[in-house]
1. Which residue, chosen from Ala407, Val50, Thr10, occupies the Cα position most advanced towards the positive end of the dipole of the chain, where the dipole is computed from +1 (Lys, Arg) and -1 (Asp, Glu) charges on Cβ about the Cα centre?
2. Which whole-number percent gives the relative contact order of the chain, counting Cα pairs below 8 Å spaced six or more residues apart?
3. Counting only helical runs of four or more DSSP H residues, what would the 222 nm mean residue ellipticity of the chain come to if each run contributes -39,500 (n - 2.57) and the total is spread over all its residues?
4. For Asp289, what accessible area in Å² do you get when you roll a 1.4 Å probe over the heavy atoms of the protein chains, rounding to the nearest 10?
5. How far, in degrees from 0 to 90, does helix 447-457 lean away from the longest principal axis of the Cα atoms of the chain, to the nearest 10?
6. Just how much of Val547 is accessible, in Å², when a 1.4 Å probe is used and the result is rounded to the nearest 10?
7. About the Cα centre of the chain, what is the dipole size in debye to 20, counting +1 per Lys and Arg Cβ and -1 per Asp and Glu Cβ, all else neutral?
8. With all protein chains present and a 1.4 Å probe, how do Lys130, Lys191 order by accessible area, largest first?
Amino acid sequence: MRWTQTLIPTLKETPADAEIRSHQLLVRAGLVRKVTAGLYTLLPLGLRVVRKVEAIIREEMNRAGALEVLMPALQPTEIWQKSGRYESMRDVFFKARDRAKKEWILGPTHEEVITMLVAGEINSYRQLPKNFYQIQIKFRDEIRPRFGLMRAKEFIMKDAYSFDASDEAAQVSYQKMYDAYVQIFQRCGLKAMPVEADTGVMGGKFSHEFMVPAETGESEVAYCETGHYAANVEKAISQLPQVSNPKSNTPNLPEKFPTPGVVTIEALTKAPHNVLAEQQIKTLVYCVDSKPILILLRGDHQLNDAKLTAAVGTGNFRPASEEEIVAALGAHPGSLGAVGITTLPVYADEMLRGGEGMTTGANEDGFHWRYVAIDRDISVTKWADLRLVKAGEPCSVCGQSLQIRRAIEVGHVFRLGTKYSEALGALFLDEAGKQQPAIMGCYGIGVTRTMQAVIEQCQDKDGIIWPMSVAPFTVCLTPLNITVGHPVMILAEKLYQDLTAHSVDVILDDRDERPGVKFKDSELIGFPVRIGIGEKSLARGEVEIKVRGGSMILAKAEETVSKVLELLKR
Ligand code: ATP
Ligand code: MG
């Protein structure tokens with residue numbers, strides 16, 4: 001490709017609306033242009049990267065035995081009603097109407113469509129296992145589209161769906177995808193770590209997210225340095241020891257004491273009360289499906305919404321309003337507690353088990369209970385893991401201290417079970433002739449998000465440093481004199497022909513620009529190898545070969561091609 005014949009609108013200035021480095025570089029390097037918030041056009045260079053990421057994904061999916069299909073983006077609403085997700089996913093839908101005013105859905109994901117396909121085409125265990133994938137555009141009405149391609153309204157996803165006849169077989173399908181994902185991200189030059197992920201209301205432990213560590217990531221991962229454990233904080237557990245209070249501090253009965261004006265955990269830790277946060281019970285009131293429940297946590301712990309979802313079996317909850325709280329408990333926030341409560345469900349975090357000598361609100365403004373023994377004084381409806389882990393807590397496997405860092409979720413593998421196959425009738429006859437629902441898994445990779453994650457991870461102050469495998473062009477030829485017939489340009493044209501003949505993706509910077517401009521642009525875009533041809537060095541029979549983010553070497557003009565091929569092999 002010749003630079004002057006394509007469109008690479010590089011920018012010196014950082015676009016005002018690009019908050020994170022990878023978003024700025026996407027725009028500045030001329031890879032994308034914004035249409036409006038959450039919608040982008042991939043320009044020629046950006047599209048080349050996306051196509052290379054897709055090619056890697058295709059190879060690895062095919063290698064793992066998955067079958068490529070292409071489903072329509074436009075989906076009938078009926079299948080969403082049938083699966084039961086028409087209501088629960090309504091917030092993410094983009095809807096369309098046809099001329100008869102009938103409603104359609106622009107697919108945010110494709111479980112429904114693929115399961116309908118399998119329901120129609122597969123009816124025997126002999127046809128299983130099957131895994132179908134596609135690379136396609138998804139539509140999601142995100143609350144907060146931001147960070148360029150990271151969270152867009154429309155984005156490219158690879159989604160795959162496996163169908164199996166038994167749990168064991170489903171586990172094999174899951175592992176194949178997990179292994180393929182490890183390969184895919186490695187081949188894209190990304191350091192991505194698989195972490196245990198929340199399975200939401202689905203339950204079960206088969207879900208992993210592939211996370212690219214980055215300060216700008218929207219997820220948080222807890223992990224131990226030794227590599228024993230890594231999980232999304234939504235799901236992470238630790239081996240925190242229970243805080244036990246000396247028995248002598250726990251008389252036989254709780255005692256109510258005045259705490260005028262004390263309405264926070266923090267305030268109760270201060271004089272004259274001096275109650276450590278870990279010796280307090282924090283009482284939250286939530287409405288689950290509009291009915292109030294109490295949630296108890298240790299004073300120094302925070303509620304984890306994903307764990308609450310798993311515990312109550314629905315994501316349909318919210319903190320109760322002040323009026324609802326007063327109606328339920330007769331006191332205001334800051335004086336709430338569960339001592340003696342039998343009329344409301346009480347969910348208690350595991351860390352409170354066996355707690356004695358605890359202090360908690362008395363459901364009377366300005367009063368607390370102390371010397372509370374949980375087993376004796378509180379009737380807990382359900383014990384559950386409800387808290388967020390914190391950095392420094394001991395790893396549940398090895399006891400080493402956990403670290404927490406931010407990360408970008410680039411992929412997700414998930415065991416679905418039979419939820420969709422049952423709802424949509426993807427049934428097969430097993431060996432005994434009995435009808436069974438297929439056991440499903442789903443596996444997503446954000447293609448456009450992956451491209452941006454590579455930029456977030458591979459860059460320096462001058463611009464992007466593309467891994468060879470996904471670079472828009474691997475070699476940039478930079479003649480510093482573009483006069484036709486000049487020895488510099490003659491050599492450039494020859495190298496262009498020779499490298500192209502060796503299937504190297506090469507771009508010839510044939511612009512009439514100063515050397516500084518050309519060099520800056522090629523650093524900004526981040527071509528892995530640049531070949532500089534200047535009059536002076538050529539007079540000595542040499543060219544300059546510069547590896548992006550690395551050193552510059554001088555090479556004999558006639559050895560350029562072999563030198564470059566050697567560099568590209570690495
Ligand atoms: P997130 O928690 O980031 O919203 P998700 O759990 O909704 O992601 P999935 O439904 O599992 O994501 O989709 C599979 C992959 O698609 C994700 O791992 C991510 O890489 C990508 N993805 C999801 N939403 C977006 C989006 N709005 N823009 C770009 N990529 C996305
Ligand atoms: Mg999402």
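1. Toward the positive end, the furthest listed residue is Thr10.
2. Numbers: 1204 pairs, mean separation 95.9, N = 570.
The normalised contact order for the chain reaches 17 percent.
3. Working: 16 runs with 154 residues, N = 570.
The helix contribution divided over the chain gives -8000 deg cm²/dmol.
4. Using a 1.4 Å probe on the heavy atoms, I get roughly 80 Å².
5. Roughly 90 degrees between the two axes.
6. Accessible surface of Val547 is approximately 40 Å².
7. Details: 68 positive and 71 negative charges, 226 e Å.
In total the dipole reaches around 1080 debye.
8. On the way: Lys130 65, Lys191 150 Å².
Highest to lowest solvent-accessible surface, that is Lys191, Lys130.
The values are calculated or read from the model by the stated rules, or taken from the named source; none is laboratory data. Remember, predicted model here, so these are calculated numbers, not experimental data. Cβ atoms come from the backbone with ideal geometry, glycine included; neighbour counts cover every protein chain shown. All accessible areas refer to the heavy atoms of the entire protein, side chains included, with ligands and DNA or RNA removed. Shrake-Rupley method; radii C 1.70, N 1.55, O 1.52, S 1.80 Å.
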